[in-house]
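Coordinate-derived values only; no laboratory data. Worth saying up front: this structure is predicted, and the values here are computed from it rather than measured. No Cβ is skipped: glycine too gets one built from the backbone with ideal geometry, and neighbour counts run over all protein chains shown.
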Amino acid sequence: MEDQNFTPSYPSEITAGQRSAGMWMHLGALLASFANMLVPIPFLALIVILVLYNTQKGKSSFVDEHGKESLNFQITLAVVGVVILLFMLFAFGSSILSLIIGGVSDNETSTDVGIMGMVGSGLVVGLVFFAIGIFSLVVMITGSVRANGGKAYRYPLSLRLVK
């Protein structure tokens, strides 16, 4: 699940403060994701990690690496979320268009296709978001545990934009 070619260059002694800061690079995004369920703010986890990373990045290479990993993963999640949103808008839009055409022309088949398209695309998008949410939960917890243990962690399936 991890990149086996990843070899970070940390100092020999990682302090408890550095491990804690590295852990919060991952936990901050997780807590922001939970807070986002209560107060929906677009890209909240990305904003939180961006602020944490920019305030902590110069303190040690350990914190810097964990911050980059978390930031890259949050960017990846944001890109995937936008792509899914665009798909959903297209699918719902075409289903609504089919509903309108079916209603105007008294074509019951077209109306049924529109309703099934909305239900089907909503179900698919919901399941995809659920799967991404579970995956994100697992890898963010794993990253925070690894950081707290003083070990490196690479998020799987993550774009490496911040280097």
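At 7 Å along the Cα-to-beta-carbon direction for both LEU157 and ILE84, put a label point, then send me their distance in nm to one decimal.
Rounded to a tenth, the inter-label distance reads 1.0 nm.
Taking the Cβ-Cβ separation of VAL145 and SER61 as r and a Förster radius of 25 Å, what is the calculated FRET efficiency to the nearest 0.05?
0.80
What are the lysines whose alpha-carbon lies under 16 Å from the alpha-carbon of LYS57, with same-chain residues fewer than 8 places away excluded?
LYS68, LYS163
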